[in-house]
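Inspection log for the structure reproduced underneath, given as structure tokens.
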Amino acid sequence: MEHGRKFSLAVTEITNLEFGKMVQAAADKLNQQADFINSLNVFPVPDGDTGTNMASSMASGAKYEREAASDNVGDLSAALAKGLLMGARGNSGVILSQIFRGFAKAAAGKQTLNAQDFVDAYANGAKVAYKAVMKPTEGTILTVVRESAQAGLNKVKQTEDLVEIVNTIYEASKTALQKTPDLLPVLKEVGVVDSGGQGLVDVLEAFDEFLSGKEVAKSADYKPDQAEVDEMVNAMDHQSVQGKLDPADIKYTYCTQMLVRLGKGKEVTKKFDYDTFYNYLAKLGDSLLVLNDDQVVRVHVHTEHPGQVLSWGQEFGDLQTIEIHNMVWQQEEIMEHDDEGDAAASDEQASQPAETEPAPETAVIAVASGDGVIKLLKSLGVTHIIGGGQTMNPSTQDIVDAINQSGAKQALVLPDNGNIFMTAEQAAEVAEIPTRVVHAKTIAQAMAALLDYNPEEDLATNQQNMEANVGNVASGEVTHAVRDTTIDGQEIKKNDYLGIVDGKIVETNPDLEATAIEMVKKMLDEDSEIVTILYGEDGTEETAQAIKAAVEEIDDELDIQIYEGGQPVYPYLISVE
């Protein structure tokens, strides 16, 4: 007996009953361990969500498995894999789904699983998970699944007892997990093991506890966190408030948007200067957004004079795209629809969506949070928003639903977070319409990418052009440390502010404003032209203006733009192009 452990009666076969209980035990275990797994995040920032993502993903898998009408373990494992796929959140959730996808492929058609079946299925899960990752990194969950699978393959040569075999797999996973800091230097520097690997160890521990007869602590089914609940409540409240808005109270009638190709066209009379361009439009209305690079400028403004807006744009270039919406008319339609709905009060009418604009040819779908950030992205051509981002990674199902319900013929997805890439790729594979992923890791990268979006181009060309623009922007984030640690040679104290540029901590300071200013200084170089500052729900316009003033002292020729982003977690998001 290994490790001096006393085993219960031998188990040589896993039936549908055992399989279902193992899966539920794993879901419960991850739910219980979510906060601990989150705490293993390498960066000491308040967005560690590996545990939350894995718990949510496994809860979805367990639900699909419970609802599968079959006594065949092969069918149940396929249901588990489908549930994990559709519920997968974050890279850790996606990799977990791939492990059980491989498991299900090997278990297909099997009424029950004997020892060899189980070991082969788990080993195939390791293979499929490795293939799913473009550049597999050792010292992660991949190492844990590979080494524990090999331990199972070795053990099955000695015994047919699944209790011993699963325990061996579990013990090997713990050993592999403890080695992850030796394989991934950043883990050793910070003093943690890999968080995704810890999640897999917890899954295997649950399997081991169940098969060995230990009482497995149960927990309530996984539920969305309070932030998600609040978001849904706020959305409902917003709808009801909008229904009561008097159209006469709308100050400006026309929501006007345009994309100008700078220096192109027959009417060009002026060379683009950001302040000159912006200040004229500011006199014509409100809700003004102006974003530009060397080639194009995008405008969003509420005005009574859309013709003057368009004419002004033509003085700097030709108009590539134009959108003008009568907001008074739209509000009248909403109120009329609400009044009809109240009068009829029928289930059939309640189930019908409000009359909307025709679906776009291409749905441009972005993941974002914060009213200002969402407004910015929509002004740049985003047609659909999926709520989420840091701490709130959407699931595969969330993204698939947004794609399939868009009414479009094709879709582009901007995850705006590296931890959502794999989820978005999975969604693109199973969506009902052709879909491409634009690999923007940050809101700043998404904004840069959208400047090269052209609704007249095909899907592949847009993806290529947009991704080419992603590399032209440096993305800075300011947040606070949630624990003491050392990373990249820097001593970091809990509650200090951190300046993070393209995933690397470059500044730490007890003062928020000083952190942001020093971070921006390190982002600037001789080619820098545009600085964009988004202040979040924990930031202020006053501090944003102080950051702007400090940057202007360095280079007064920079175009510096400030917007209220409203984003959580990060008081300031700052980009340099």
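Read-outs: derived from the displayed coordinates by stated rules, not from any lab. Note that the structure is predicted; figures quoted are calculated from it, not measured. Positions of Cβ are backbone-derived with ideal geometry, glycine not excepted, and every protein chain shown enters the neighbour counts.
Starting from region 500-565, pick out the GluC sites (Glu not before Pro) whose DSSP state is loop and whose Cβ has at most 10 other Cβ atoms within 10 Å.
Here the GluC sites (Glu not before Pro) that fit, given the DSSP loop and packing criteria, are Glu526, Glu557.
Please list, in chain and number order, the residues 5+ apart from Val437 or on another chain whose amide H is under 5 Å from its amide H, with Hs placed from the backbone.
Close amide H contacts, sequence-distant or interchain: Val413.
Can you say what percent of the DSSP beta bridges in region 358-472, counting only those with both residues inside, are antiparallel? Round to 5.
Among the beta bridges of region 358-472, antiparallel pairing accounts for roughly 10 percent.
Between Asn154 and Lys214, what is the FRET efficiency for a Förster distance of 30 Å, r being their Cβ-Cβ separation, to the nearest 0.05?
With a Förster radius of 30 Å, E is 0.80.
Could you work out the Kirkwood radius for the chain, taking every pair of different alpha carbons, averaging 1/r and inverting it, reported in Å?
So the Kirkwood estimate lands at 26.0 Å.
Against the longest principal axis of the chain, how steep is helix 512-523, in degrees 0 to 90 to the nearest 10, with axes from Cα atoms?
The angle comes out at about 90 degrees.
Please work out the Kirkwood hydrodynamic radius for region 376-443, using every pair of different C-alpha atoms, and report it in angstroms with one decimal place.
11.9
Given the C-alpha centroids of region 460-519 and region 121-198, what is the distance between them in whole angstrom?
That distance is 31 Å.
How far is helix 141-155 tilted off the main Cα axis of the chain, in degrees rounded to 10, range 0 to 90?
Roughly 20 degrees, rounded to the nearest 10.
So if I restrict to the alpha-carbon atoms in region 452-577, what is the Rg, and what is Dmax, the biggest pairwise distance, in Å?
That works out to 16.0, 51 Å for Rg and Dmax.
Under 8 Å for C-alpha pairs, at least 6 residues apart: give me the relative contact order for the chain, rounded to a whole percent.
11
In square nanometres and to one decimal, what's the mean projected area of the convex hull around the Cα atoms of region 2-223?
Over all viewing directions, region 2-223 projects a mean Cα-hull area of 11.4 nm².
For a 20 Å ceiling on Cα separation, which of these pairs sit above it: Lys131/Lys441; Lys378/Lys441; Lys179/Lys504; Lys127/Lys441; Lys82/Lys214; Lys157/Lys214?
Long pairs (Cα-Cα over 20 Å): Lys131/Lys441; Lys179/Lys504; Lys127/Lys441; Lys82/Lys214; Lys157/Lys214.
For the chain, what is the calculated [θ] at 222 nm in deg cm²/dmol (nearest 500), taking -39500 (n - 2.57) for each run of four or more DSSP H residues and dividing by its residue count?
Helix contribution divided over all residues of the chain: -16000 deg cm²/dmol.
Tell me, what is the FRET efficiency for Thr175 and Lys493 to the nearest 0.05, using R0 = 56 angstrom and their Cβ-Cβ distance as r?
It comes to 0.95.
What is the helix-to-structure angle for 421-430, meaning the angle in degrees between its Cα long axis and the longest Cα principal axis of the chain, kept from 0 to 90 and rounded to the nearest 10?
The angle comes out near 80 degrees.
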